[in-house]
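Read-outs: derived from the displayed coordinates by stated rules, not from any lab. All figures in this text were calculated on a predicted structure; none of them were measured in a lab. Here the Cβ is made from the backbone with ideal geometry for all residues, glycine too, and neighbour counts use every protein chain on show.
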Amino acid sequence: EVRLLESGGGLVQPGGSLRLSCAASGFTFSNYAMSWVRQAPGKGLEWVSSISFTGSNTFYADSVKGRFTISRDSAKNTLFLQMNSLRAEDTARYYCAKDRGMATDPPDGFDVWGQGTMVTVSS
Amino acid sequence: QSVLTQPPSVSGAPGQRVTISCTGSNSNIGAGYDVHWYQQLPGAAPKLLIYSNTNRPSGVPDRFSGSKSGTSASLAITGLQADDEADYYCQSYDRTLSGSTVFGGGTKLTVL
């Protein structure tokens, strides 16, 4: 079964850091681009970041550029999102998503999604 | 404010046909980039419904179809069912936003 399982969310103070993980199973992780997408409570989907299948190309939304870092470990079939200098507006459920293809510019459609992990930034 | 514009809501009675529009510009849809559509049921993760403008993943009923023309795309749902009630999002790529995947603001479908 193809599966993505996010972890690492929680409550953090403004200015703090969190590292999200996404464990992949059921497919050849190293063959596909991966992305993070977030959804603030009651709001729509917002693309956050993407990484190519090799990890050599990374892309970020302007809202997180310079604060978030996406990475992947193909030996562990895991995607990461390091989030620093967190703000209240980063509060959202963060989804990990698999692209249908190897590259992410442009995306080929995100065909597998995890259930998400909630990040709350509040004092 | 998303670069892809969707109507906030649409509605239809069971059995009817509804369409959801996704309007972009010459830097995204009009530049030839593909449009993908997602369905998000209440409390669930998004699900890929249509990829590359017109293609359905395995398991998606043929009641769902996509089209694209110029700077816009549309999702059509025929034979509306109660469990189609969900939020629907379009997605594309914008060449003016470095490496940017973009989503539409989402459309809430209500089955009357």
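First select every other residue whose beta carbon is under 14 angstrom from the beta carbon of A:VAL112; then total the charges, Lys and Arg +1, Asp and Glu -1.
Residues near A:VAL112 contribute -1 overall.
Among A:GLY44, A:GLY15, A:GLY66, which one shows the biggest mean-square fluctuation in a GNM of chain A, springs joining Cα atoms closer than 10 Å?
Result: A:GLY44 has the largest fluctuation of those listed.
What average count of beta carbons from other chains do you get within 10 Å of the Cβ of residues in A:32-40?
2
Under 10 Å, Cα contacts only: if you run a Gaussian network model on chain A, which one of A:ALA61, A:ALA75, A:ALA23 comes out with the highest mean-square fluctuation?
Result: A:ALA75 has the largest fluctuation of those listed.
Using a cut-off of 20 Å between alpha-carbon atoms, which lysines can reach A:LYS76, once sequence neighbours fewer than 8 places away in the same chain are excluded?
A:LYS98
Please list, or write none, the lysines whose alpha carbon is within less than 16 Å of the alpha carbon of B:LYS108, excluding same-chain residues fewer than 8 places away.
A:LYS43, B:LYS47
Please report, in debye to the nearest 20, how large the charge dipole of chain A is about its Cα centre when each Lys and Arg carries +1 at its beta carbon and each Asp and Glu carries -1 there.
Magnitude of the dipole: close to 240 debye.
B:GLU85 to A:SER63: FRET efficiency via 1/(1 + (r/R0)^6), r the Cβ-Cβ distance, R0 25 Å, to the nearest 0.05?
It comes out at approximately 0.25.
Let me check I have the definition right: for chain A, take the eigenvalues of the Cα gyration tensor, multiply each by 5, take square roots. What are those semi-axes in whole Å, largest first?
Values for chain A, descending: 23, 14, 13 Å.
So, counting K/R as plus one and D/E as minus one, what does the shell of residues with Cβ under 14 Å around B:ARG95 add up to?
Summing Lys and Arg as +1 and Asp and Glu as -1 gives -3.
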